[in-house]
Amino acid sequence: MTFLKGDFILLNYSAKVKETEEVFDTTFEETAKKEQLYKEGEVYEAKLIVVGEGWVLKPLDEALLKMKLGKSQTIEIPPEKAFGQRDPEKIKRVPLKHLISKGKNPSIGMRVEYNGKMAIVRSIGAGRVLLDFNPPLAGKTLIYEATVEKKIKIKKEKIEALIHRRIPEADKTKFGISLKGNELA
């Protein structure tokens, strides 16, 4: 079974940077703990994706159309189809005192907001800070190990899955959903 645009599916995946093998996202709790990505209170389970609706990176979305239920697939996404190449114009040197005056004590690797944009501190020296405004995954090839676990066909289950996606900690079995024709209560 392949999938069509608009299909509701549950997708398990782990995503890593090809060059470093660093995992940056996963739906598996065990992997999140092993890779030090684990966040208390986060729900680790297959994620609801509506195929072709842009809920994931476009190359992954396109690969979903060719995937088969229950079969794991490796999808490689080059930088230009993910977050783009690194842009040297997005690296700026700013006075350290500007950050300190805003209550920020920068350290290398720290994410800071500067002039309304997020940046990563790359270096600090001689009263100046090098800020990188590129997306953190810019210039990197991404590898997704993905498996479509389920295709959701029943309207009520689709609605429950949509609510659960927005409120993951909510117990799906407690949703009181009633469908009568095209009316939802």
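Throughout, read-outs are computed from the coordinates displayed, never taken from laboratory work. Just so it is clear, the model here is predicted, and its values are computed rather than measured. Reconstructed Cβ throughout: ideal geometry from the backbone, glycine too, with neighbour counts over all protein chains shown.
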For segment 95-185, state which chymotrypsin sites (Phe, Trp or Tyr not before Pro) are in a DSSP loop and have at most 16 other beta carbons lying within 10 Å of their beta carbon. Phe133, Phe175
Any idea what the dipole of segment 64-185 comes to, in debye rounded to 20, about its Cα centre with Lys/Arg Cβ at +1 and Asp/Glu Cβ at -1? 140 debye
To make sure I understand the rule: partners must be aspartates and glutamates, Cα under 18 Å from the Cα of Lys151, and not fewer than 8 residues away in the same chain. Which ones qualify? Asp7, Glu45, Glu53, Asp61, Glu62, Glu160
Positive-end residue of Val43, Val56, Tyr114, charge dipole of the chain with Cβ unit charges: Tyr114
Sites Gln73 and Lys151, calculated FRET efficiency, Cβ-Cβ separation with R0 22 Å, nearest 0.05: 0.90
Looking at the chain, identify the longest residue range that excludes and avoids all trypsin sites (Lys or Arg not before Pro) in DSSP loops having at most 10 other Cβ atoms within 10 Å. 103-152
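Calculate, in nm to one decimal, what Thr173 and Asn105 gain on full extension: separation in residues at 0.36 nm each, minus their alpha carbon distance. Intermediate results must be reported in sequence, preceding the final value.
Working: separation 68, 0.36 × 68 = 24.48 nm, distance 4.62 nm.
Extra length from Thr173 to Asn105 when fully extended: 19.9 nm.
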The value for the chain (convex hull of the alpha-carbon atoms, volume per residue, Å³) is 171 Å³
Longest principal axis of the chain (C-alpha) makes with the long axis of helix 155-166 (C-alpha) an angle, in degrees to the nearest 10, of 20 degrees
Would you calculate the separation in nanometres between label points at Lys66 and Glu22, each defined as 7 Å from the Cα along the Cα-to-beta-carbon direction? 2.9 nm
